[in-house]
Amino acid sequence: MSERELSRIAQEAAFIVKGYAFSLRDDQFVSILNLEHPDCAMVVNREGEMIETNMDPIEQQIVLGLCKKNLQFLEA
C-alpha cells in the first residue's frame, strides 16, 4: 500500500485510536486498519463482533478492546 493510499485512509477515517484507523463502510461494517502495518486489518460489525481479520490473536484482542471503547463514536 502506498503512502498516498495510507494518507487517504487516515484522512477519511471516522477516527484513529492508537494507530488504528476506523472507517464505516457502506454496508455498515467497520474496517479497521493498522496504519503502522497496513497488512493487518479487521472488519467488525457495529456491535464490535469480528467478521474477518488477518491479525494475530494478540492484536485481535487489542483491537477488539479498542472497538468496545470507541465504536459508540461512529456516526451513521
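The values are calculated or read from the model by the stated rules, or taken from the named source; none is laboratory data. Because the structure is a prediction, the values reported are computed rather than measured. Ideal geometry is used to build each Cβ from the backbone, glycine not excepted, and the neighbour counts take in all protein chains shown.
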Can you tell me which residue within segment 1-15, out of those that are of a type in the set (A, V, I, L, M) and surrounded by fewer than 15 Cβ atoms within 10 Å (Cβ to Cβ), is nearest to F73 (Cα to Cα)? A10
Somewhere in segment 16-36, is a residue aliphatic (A, V, I, L, M) and loosely packed, with under 12 Cβ neighbours inside 10 Å? no
For segment 23-45, indicate whether the set of residues that are of a type in the set (D, E, K, R) and part of a helix (DSSP H, G or I) is non-empty. no
Residue list for segment 31-76, filter: among the β-branched types (V, I, T), closer than 26 Å to S2 by Cβ and out of contact with any Phe, Trp or Tyr (no Cβ under 9 Å at 6 or more places or on another chain): T53
Quick one: in segment 50-76, of everything that is assigned to a loop (DSSP other than H, G, I, E, B) and surrounded by 11 or more Cβ atoms within 10 Å (Cβ to Cβ), which residue is modelled with the lowest pLDDT? L74
